[in-house]
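Let me begin by presenting the structure, written as structure tokens, before commenting on it.
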Amino acid sequence: MRNIPLSIWPILVVFIVLSSIGDVLMSKAMTLIGDLGVVRREHGIAGAVGRVLGSGWFWLAISSMAGSFFTLLIALNRADLSFVVPASSSFSFILNTLAAKFYLRERVDARRWTAAGLVCVGVFLLTK
Amino acid sequence: MTFKKYLVLACLMVCATFGDFFLKLGMNRQPHIGMDHPLAVFGVLTDPWVILGVFTLICFFSCYIASLSWADLTFIMPATSFGYVLTAILSAVVLHEHVTVSRWAGIALITAGVGFVTRGPSHTEGKGGGKHAPIPDLHP
């Protein structure tokens, strides 16, 4: 079955934006918390869980991810899994790369930009 | 990167792929959800496949936040991209969806492109966190 209705695109856009916001905020939360393995060794599992659950950034990320989850369910109800997942994930990848460079201040070098370009071409082929 | 960390990435990839796959199995059994009744989407949460999908995605999520605590977002996302290939195989073999040649090519390019990234460093030094970092303000 190949089924890519036009009505899927607005749903995908909402999913991609919510998903990217969730990813970026979650990355920010976990970067601030630090290596969970180290936190667990120093403060125990309860300490590590408490530190994650006590982060405001974590809950902002969760809210955004919950919104993206229900949007994904609607998208999966309307189009093929092999289209919805790679297409949305790949666009999210580009958005996340930009947000990681300009908001999270990650070192996004030529290698990572090249990867982003290849992903864009891959997405184009995927939607044909 | 230790073996344990690679294991976490592998779990992340497998759980993400199977989580989406189980959700799709569940959603295929549901009637069309129209935009006139968007809240109907909550009704699918009693479907066994959707429940299994949610459980698998919780496992994915645990691996995801653990990995984000020691690696960059721009490293984690591509490092798990091989899941696209698994998704395409599952879609073709189990769901009998039609995966065209161009889609396979797209999936291959995405995988090649993002796999590129995994050969670089996993973490931007001095970005924050880590063993000796002071406890930061964890609120927006």
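Taken together, the values in this text are just the output of simple stated rules run on the coordinates, not laboratory data. Keep in mind that what you see is a predicted model, and the values were worked out from it rather than measured. Because the Cβ atoms are built from the backbone with ideal geometry, glycine has one as well, and the counts that use them run over all protein chains shown.
Mind checking the full-extension length gain between A:Arg105 and A:His43? Use 0.36 nm per residue of separation minus the Cα-Cα distance, one decimal, nm.
Numbers: separation 62, 0.36 × 62 = 22.32 nm, distance 2.81 nm.
Computed gain between A:Arg105 and A:His43 is 19.5 nm.
If only Cα atoms are counted, what is the Rg of segment A:8-126, and what is its Dmax, in Å?
Rg then Dmax for segment A:8-126, in Å: 16.4, 48.
Extending each Cα 7 Å along its Cβ direction at A:Trp9 and B:Lys4, get the distance between those two points in nm, one decimal.
4.8
So what is the calculated 222 nm ellipticity per residue for chain A, using -39500 (n - 2.57) for each DSSP H run with n of 4 or more, over all residues, to the nearest 500 deg cm²/dmol?
Details: 5 runs with 106 residues, N = 128.
For chain A, the value works out to -28500 deg cm²/dmol.
Work out the FRET efficiency for B:Ala92 and B:Asn28 from their Cβ-Cβ distance, taking R0 = 25 Å, and round it to the nearest 0.05. Intermediate values should be presented prior to the final figure.
Numbers: r = 15 Å, r/R0 = 0.60.
Calculated value: 0.95.
Round to the nearest 10 and give me the degree value, 0 to 90, for the angle of helix A:8-33's Cα axis relative to the longest principal axis of chain A.
20
Quick one: angle between helix A:110-126 and the longest Cα principal axis of chain A, in degrees between 0 and 90, rounded to 10, please.
Tilt of helix A:110-126: around 40 degrees.
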